[in-house]
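The values are calculated or read from the model by the stated rules, or taken from the named source; none is laboratory data. Just so you know, these numbers come straight off a predicted model, no measurement behind them. Glycine gets a Cβ as well: all are built from the backbone with ideal geometry, and neighbour counts include every protein chain shown.
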Amino acid sequence: MSDLVRIHTDHAPAAIGPYSQAIVTDGWVFCSGQIPLDPDTMELVGGTIDEQTNRALSNLSEVLQAAGSSLQHVVKTTVFLADMNDFAAMNKVYEQHFGEHRPARAAVQAAALPKFCDVEIECIARLIT
């Protein structure tokens, strides 16, 4: 079995529980869900789903970069929404971050998200080779 490498960057929010921002193993990056926290203050940012999605994806991008990957190497995302009525607005911001890259994705409504935010996004990516 290969080694599991824990990833941490100060450019994304620190884990708020007993988990890692990401784990790298066998050329893959498994990122924990990112919510719209400011990494400096650890406070929620954004009053709209657009602002929250932008921050969550920016945080995810920072974790991927620290791991040796990028949004363009993501193969699968899961988007958790507090309200599925926010899907279209979230999707517009999501598309701006991923451009023409189209990773596989699931989007689900959750009864509640950490810190009662509106969106959380996790992903699986390949390392940049």
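Observations, loosely collected:
- When Arg6 is tested against the conditions (1) in contact with a Ser or Thr (Cβ under 7 Å, 6 or more places away or on another chain); (2) surrounded by 15 or more Cβ atoms within 10 Å (Cβ to Cβ), the lone failure is (2).
- In summary, strands (runs of 3 or more DSSP E) completely within segment 1-83 and bearing 2 or more residues that are among the aliphatic types (A, V, I, L, M) occur at 5-7, 22-25, 74-81.
- Residue in segment 119-128 that is at pLDDT 95 or above, more than 21 Å from Ala67 (Cα to Cα) and outside any strand (DSSP E or B) present: no
- Considering Asn59, Asn54, the condition of being more than 15 Å from Asp10 (Cα to Cα) and crowded, with 20+ Cβ neighbours inside 10 Å is satisfied by Asn54 alone.
- Just one residue in the set Asp26, Asp10, Asp38, Asp50 is modelled with pLDDT of 95 or more and either in contact with a helix residue (DSSP H, G or I) (Cβ under 6 Å, 6 or more places away or on another chain) or of a type in the set (Lys, Arg) (or both); that residue is Asp50.
- The set of residues in segment 92-118 that are of a type in the set (Lys, Arg) and assigned to a strand (DSSP E or B) contains only Arg105.
- When Thr78, Thr129 are screened for being touching a residue at least 24 places away in the same chain (Cβ under 8 Å), of a type in the set (Ser, Thr, Tyr) and touching a strand residue (DSSP E or B) at 6+ places or on another chain (Cβ under 7 Å), only Thr78 passes.
- The residue pairs whose first member lies in segment 98-111 and is without any contact (Cβ under 8 Å) to a residue 40 or more places away in the chain, whose second member is assigned to a helix (DSSP H, G or I) and not hydrophobic (A, V, I, L, M, F, W, C), and whose beta carbons are closer than 7 Å, counting only pairs six or more residues apart or on different chains, are His101/Gln72.
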